[in-house]
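What follows is a short report on a single structure.
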Amino acid sequence: MTKIRAQTVSGAACREVAARLDVPGRLAAAAPAGATIADTLVSERVLASIVEAIIGACYLDQGYEATAEAVVDCFAPELALALKHPIDFKSALQEQLAARGQLVEYEITSEEGPPHEKTFAVTASVGGKVVGKGTGRTKKAAEQEAARLALEPSTGGG
């Protein structure tokens, strides 16, 4: 359940909820005349933080029951996806390696792009041998991709 919860409320999931609720559009519409919304507003980290702040504000104003119902409704597609296709490749790789007494190490090999649109490259290594390489908009996403590739038999990791 912890893995499903983490996947359901991840930064990527919060970004999707923010997009469905048109949070950037609503903020732009509420901005003072002549103000522009920065590019950073559409970044995963900022949108996830805004969604979390909205949930907190709703909780303080409406209480647990009403907020819980709204959150479950807003995150229903992400929850369904997490239940049908769990994607915690890092845990799966770690469990597989632990059975053999091995550990995985992740290393960030590059960061590219402006602060609000960074792309990270990561390698996953076991015993000094690279078993997977991944890229992503967050370090965590890049690590998940590297772990996913490490688990695939064709890459020599699984």
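The values are calculated or read from the model by the stated rules, or taken from the named source; none is laboratory data. These numbers were taken from a predicted model, which means no experiment stands behind them. We place every Cβ from the backbone using ideal geometry, glycine too, and count neighbours over all the protein chains shown.
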Any residue in segment 32-61 that's under 21 Å from Gly136 (Cβ atoms) and among the basic types (Lys, Arg): show its pairings with residues that are part of a helix (DSSP H, G or I) and at pLDDT 80 or above at Cβ separation under 8 Å, as long as the two are six or more apart or on different chains. Arg45/Gly11
Of all residues being farther than 12 Å from Ala92 by Cβ and hydrophobic (A, V, I, L, M, F, W, C) in segment 132-148, which is modelled with the lowest pLDDT? Just the residue, please. Ala141
Of all residues making up segment 107-123, the number that are surrounded by 21 or more Cβ atoms within 10 Å (Cβ to Cβ) and out of contact with any Lys or Arg (no Cβ under 6 Å at 6 or more places or on another chain): 1
Do we find a residue being part of a helix (DSSP H, G or I), over 17 Å from Glu117 (Cβ atoms) and of a type outside the set (A, V, I, L, M) anywhere in segment 40-56? yes
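Filter segment 101-119 down to the residues that are acidic (Asp, Glu) and part of a strand (DSSP E or B), then identify the one that is nearest to Leu151 (Cα to Cα).
As a first pass, look at segment 101-119 and keep what is acidic (Asp, Glu): 105, 107, 111-112, 117.
So of that shortlist, the ones also part of a strand (DSSP E or B) come out as 105, 107, 111-112.
On the way: Glu105: 14, Glu107: 17, Glu111: 24, Glu112: 26 Å.
Filtering first and then ranking leaves Glu105.
Would you confirm, using the coordinates I've provided, whether Leu97 is among the hydrophobic types (A, V, I, L, M, F, W, C), within 30 Å of Lys129 (Cα to Cα), touching a Leu at 6+ places or on another chain (Cβ under 7 Å) and assigned to a helix (DSSP H, G or I)?
Numbers: among the hydrophobic types (A, V, I, L, M, F, W, C): yes; within 30 Å of Lys129 (Cα to Cα): yes; touching a Leu at 6+ places or on another chain (Cβ under 7 Å): yes; assigned to a helix (DSSP H, G or I): yes.
Considered against the rule, which asks whether it is among the hydrophobic types (A, V, I, L, M, F, W, C), within 30 Å of Lys129 (Cα to Cα), touching a Leu at 6+ places or on another chain (Cβ under 7 Å) and assigned to a helix (DSSP H, G or I), Leu97 comes out as yes.
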(1) closer than 30 Å to Ala146 by Cα; (2) surrounded by 13 or more Cβ atoms within 10 Å (Cβ to Cβ) all hold for Leu83 apart from (2)
Residue hits (segment 124-154; buried (at least 20 other Cβ atoms within 10 Å of the Cβ) and more than 21 Å from Ala12 (Cα to Cα)) are Ala124, Val131, Gly132, Ala150
Give me the pairs, please: first residue somewhere in segment 114-134 and under 16 Å from Val104 (Cα atoms), second residue anywhere and aromatic (Phe, Trp, Tyr), beta-carbon distance under 7 Å, and either six or more positions apart or on two chains. Val122/Tyr106; Ala124/Tyr106
Whichever residue in segment 13-58 is at pLDDT 85 or above and of a type in the set (D, E, K, R) and, among such residues, is nearest to the chain's Cα centre (by Cα): Arg15
